[in-house]
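Worksheet: one structure, shown below.
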Amino acid sequence: MITVITATHNHAPFLRGAIDSVRAQTFQDWEHLVIDDGSTDATPEILAGLCLEESRSAHPRLRMIRTANQGFQAALNLGLAEARGDLVAFLDSDDEY
């Protein structure tokens, strides 16, 4: 399994595109771990809605962890600690692949 880690802080306008780009991949053995580093915009609400969508499916793969703002590197380190996959990939919250 591959864990895709996305650390985000106040990137609500871009977040759905980044998450959708992971969902669109043809490889199917993955999880997407999004670390919300204390966002003050709509990021928490967007993630909660997307996680709810995922929980209704047969294979929920999107996980969200919300933390107090500690900085990008701390958020990535938390993601690494929480990753369940054998391999890890990083995706910025404003990128789409």
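The values are calculated or read from the model by the stated rules, or taken from the named source; none is laboratory data. All of these numbers come straight from a predicted model, not from anything done at the bench. Cβ atoms come from the backbone with ideal geometry, glycine included; neighbour counts cover every protein chain shown. To get the accessible areas, we keep the full protein, side chains included, count just its heavy atoms, and leave off ligands, DNA and RNA. Shrake-Rupley method; radii C 1.70, N 1.55, O 1.52, S 1.80 Å.
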Could you list all residues from the range 23-32 that are open to solvent by 50 Å² or more (accessible area, probe 1.4 Å) and either touching a helix residue (DSSP H, G or I) at 6+ places or on another chain (Cβ under 7 Å) or not aliphatic (A, V, I, L, M) (or both)?
-> ARG23, GLN25, THR26, PHE27, GLN28, ASP29
Conditions (1) open to solvent by 60 Å² or more (accessible area, probe 1.4 Å); (2) part of a loop (DSSP other than H, G, I, E, B); (3) among the polar types (S, T, N, Q): number failed by SER93 = (1)
Odd one out for GLY49, checked against (1) free of Cβ contacts under 8 Å to residues at least 12 places away in the same chain; (2) under 18 Å from ALA89 (Cβ atoms); (3) not charged (D, E, K, R) = (2)
Selection from the range 81-90 of residues open to solvent by 50 Å² or more (accessible area, probe 1.4 Å), touching a residue at least 40 places away in the same chain (Cβ under 8 Å) and not acidic (Asp, Glu) yields ARG84, LEU87, VAL88, PHE90
Does the range 58-74 contain at least one residue that is in contact with a Leu (Cβ under 6 Å, 6 or more places away or on another chain) and not aliphatic (A, V, I, L, M)?
-> yes
Within the range 70-80, of all residues that are out of contact with any Ser or Thr (no Cβ under 9 Å at 6 or more places or on another chain) and either part of a strand (DSSP E or B) or open to solvent by less than 80 Å² (accessible area, probe 1.4 Å) (or both), the one nearest to ARG23 (Cα to Cα) is LEU76
Condition check for ASP20: touching an Asp or Glu at 6+ places or on another chain (Cβ under 8 Å) and under 15 Å from SER93 (Cα atoms) | yes
Which ones in the range 33-69 are at pLDDT 95 or above, closer than 24 Å to LEU87 by Cβ and either crowded, with 17+ Cβ neighbours inside 10 Å or among the small types (Gly, Ala, Ser) (or both)?
-> LEU33, VAL34, ILE35, ASP36, ASP37
